[in-house]
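See below for the structure under consideration.
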Amino acid sequence: METIISSASKTVVIGPERPFCIIGERINPTGRKAFQKQLQAGDISQIDIDVEQQVLGGAHVLDVNVGDPLADEVALMREAVLRVQSLTDLPICIDSSVIAALDAGLSVYQGKALVNSVTGEDERLEAILPIVAKHGAAVVALVNDDEIRMDPADRLVIARKIVSVAGDYGIKPEDIVIDALAMPIGAEPRAAAYFFETLRLLRDELGVNTTCGASNTSFGMPGRHQLNAHFIATASTHGLTSAIMDARSPECVDGARAADVLHARDEYGMAWIKAHRAAQAAAAAV
């Protein structure tokens, strides 16, 4: 099963036989006080820097989140989507918990966007899925409802529900990317094991594409980039086909690229070799 998203001129395909899809997470005010203040003042110029860094890092898709309780998120999302599309041809993942902001971003987007996200609660499904269907987008779906589920079997039940309800709105399974819920291993030592088992169930039972917020795994731990890199590489062997991750981190990006080489998703390692040569040239230039 392949999930196809696009900008006006570039198409990205997410699938088990395709190279791992890196969704850059940087355009997000969470934990960024300076960016928060800029958004509150209606200033989105920081996006220019974030786009450039993530494109250079190797992102295939860019997540765009401008949510701040003291900012006009609806207006900012519209401006941010237009700004990103003026800077790069990479497809966009429009990320918000505000329904009007999702609609605003989708209304100006050129191409087929990915929407982040929907959960298993009936009211969220009823509110978000019609917007996704109206704009012909794909959607990220988290396997939780009114509580965070840790048991992989429970997560599978929620995923089945979301896929079924989405079908009622004409959204096909290939347009649903399930977020299998990466949780901090510092709080729950078995979190990664639960995640890997969830991926296996989703792959074997539903065949859908999958994603996660990869940085969640290492939250509160030292050596986060190294942990995240190993997590991404290991998860890809269990069925993870994309991740919302730090595309500025060479360790994380190399983890995804190495997994592609080792699992025959990068024929003859050509993408790995190209990236290696580019890194050597950049280092020599410095």
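The values are calculated or read from the model by the stated rules, or taken from the named source; none is laboratory data. Computed from a predicted structure; not experimentally measured. Backbone-built Cβ (ideal geometry, glycine too); neighbour counts: all protein chains shown.
Observations, loosely collected:
- Residue among 242, 218 that alone is crowded, with 18+ Cβ neighbours inside 10 Å, farther than 17 Å from residue 144 by Cα and in contact (Cβ under 8 Å) with a residue 40 or more places away in the chain: 242
- Sole residue being of a type outside the set (S, T, N, Q) and exposed (fewer than 15 other Cβ atoms within 10 Å of the Cβ), chosen from 67, 15, 31, 57: 31
- Considering only residues in region 87-125 that are of a type in the set (S, T, N, Q) and in a loop (DSSP other than H, G, I, E, B), the one that is nearest to the chain's Cα centre (by Cα) turns out to be 96.
- Breaking point among (1) touching a residue at least 40 places away in the same chain (Cβ under 8 Å); (2) more than 18 Å from residue 59 (Cβ to Cβ), for residue 284: (1)
- Scanning region 204-215 for residues that are closer than 21 Å to residue 172 by Cα and either β-branched (Val, Ile, Thr) or surrounded by 19 or more Cβ atoms within 10 Å (Cβ to Cβ) (or both) gives 208, 209, 210, 211, 212.
- Any chance residue 202 is in a helix (DSSP H, G or I), touching a Gly at 6+ places or on another chain (Cβ under 8 Å) and modelled with pLDDT of 95 or more: yes
- Which numbered condition residue 272 fails, given (1) surrounded by fewer than 22 Cβ atoms within 10 Å (Cβ to Cβ); (2) not in a helix (DSSP H, G or I): (2)
- Comparison of 174, 205, 197 shows that the only residue that is under 21 Å from residue 19 (Cα atoms), in contact (Cβ under 8 Å) with a residue 40 or more places away in the chain and out of contact with any Lys or Arg (no Cβ under 7 Å at 6 or more places or on another chain) is 174.
- Region 120-154 - residue that is of a type in the set (Val, Ile, Thr) and buried (at least 19 other Cβ atoms within 10 Å of the Cβ) and, of those, nearest to residue 196 (Cα to Cα): 143
- Subset of region 23-61 (residues that are out of contact with any helix residue (DSSP H, G or I) (no Cβ under 6 Å at 6 or more places or on another chain), closer than 30 Å to residue 202 by Cβ and among the aliphatic types (A, V, I, L, M)): 23, 55, 59, 61
- Per-region count, region 174-190, residues buried (at least 18 other Cβ atoms within 10 Å of the Cβ) and within 19 Å of the chain's Cα centre (by Cα): 9
- Total residues in region 229-269 satisfying the condition of being outside any helix (DSSP H, G or I) and either β-branched (Val, Ile, Thr) or under 18 Å from residue 211 (Cβ atoms) (or both): the figure is 13.
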